[in-house]
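Asker: Pasting in a structure now, in structure tokens, and then I'll have a few things to ask.
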């Protein structure tokens, strides 16, 4: 692998910004292509994967919280959840305190599919992290976090809890 092109320490000019956008775009495209065949075999797409991923990260996630995380319309989420429920990958139950809440959880089949898809992502991310020095990983996270609006960062932090 070629040595990374150093960024200007004083000011990020257009070439550095464009390179970052391009690397982000192509890196993400390559990462998600690693799971496309597994999704297609199930008749699912990337929107389905994002829902599976976040429900796996936070069992009993509410539909409204998933809607906020995915930043898609209710209609789109309804189609995605309908597909996942019909395929018995996600189950919905009512909330304990608020019966209007719909809580989402992966079924055993949904958990197995999500784990298989995540393994492909883990392999790609692990290889990329291993090719960078440890400081670069933290810098990468800091840059990505900087792309997330401040008011949305708490929602991301809550996934780790």
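The values are calculated or read from the model by the stated rules, or taken from the named source; none is laboratory data. Bear in mind that the values here come from a model prediction, so they are computed numbers and not experimental data. Glycine also receives a Cβ, built like all others from the backbone with ideal geometry; neighbour counts cover every protein chain displayed.
Asker: May I ask you to list the residues in the range 57-79 that are assigned to a helix (DSSP H, G or I) and within 16 Å of residue 155 (Cβ to Cβ)?
Answerer: Result: 57, 63, 64, 65, 66, 67, 68, 69, 70, 77.
Asker: Going by what's in this entry, would residue 124 be described as within 23 Å of residue 21 (Cβ to Cβ) and either surrounded by 11 or more Cβ atoms within 10 Å (Cβ to Cβ) or modelled with pLDDT of 95 or more (or both)?
Answerer: Criteria met by residue 124.
Asker: Answer yes or no: is there a residue in the range 74-83 that is under 23 Å from residue 149 (Cβ atoms) and surrounded by fewer than 17 Cβ atoms within 10 Å (Cβ to Cβ). Please lay out each step first, then the result.
Answerer: From the range 74-83, those under 23 Å from residue 149 (Cβ atoms) are 74, 76-77; that's our starting set.
Applying the additional criterion that residues be surrounded by fewer than 17 Cβ atoms within 10 Å (Cβ to Cβ) yields 74, 76.
Yes.
Asker: Tally the residues that are under 14 Å from the mean Cα position of the chain (by Cα) and free of Cβ contacts under 8 Å to residues at least 40 places away in the same chain, restricting the search to the range 25-35.
Answerer: 4
Table: residues versus (1) in contact (Cβ under 8 Å) with a residue 40 or more places away in the chain; (2) touching a helix residue (DSSP H, G or I) at 6+ places or on another chain (Cβ under 8 Å); (3) farther than 20 Å from residue 58 by Cα.
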residue: 76; (1), (2), (3): no, yes, yes
residue: 85; (1), (2), (3): no, no, no
residue: 94; (1), (2), (3): no, no, no
residue: 102; (1), (2), (3): yes, yes, no
residue: 110; (1), (2), (3): yes, yes, no
residue: 113; (1), (2), (3): yes, yes, no
residue: 126; (1), (2), (3): no, no, yes
residue: 129; (1), (2), (3): no, yes, yes
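Asker: Those residues that are more than 22 Å from residue 55 (Cα to Cα) and part of a helix (DSSP H, G or I), I need them from the range 106-140; list them, please.
Answerer: Matches in the range 106-140: 126, 127, 128, 129, 130, 134, 135, 136, 137, 138, 139, 140.
Asker: Among the residues in the range 41-48, are any within 20 Å of the chain's Cα centre (by Cα), touching a residue at least 60 places away in the same chain (Cβ under 8 Å) and farther than 27 Å from residue 153 by Cα?
Answerer: Yes, the conditions are met somewhere in the range 41-48.
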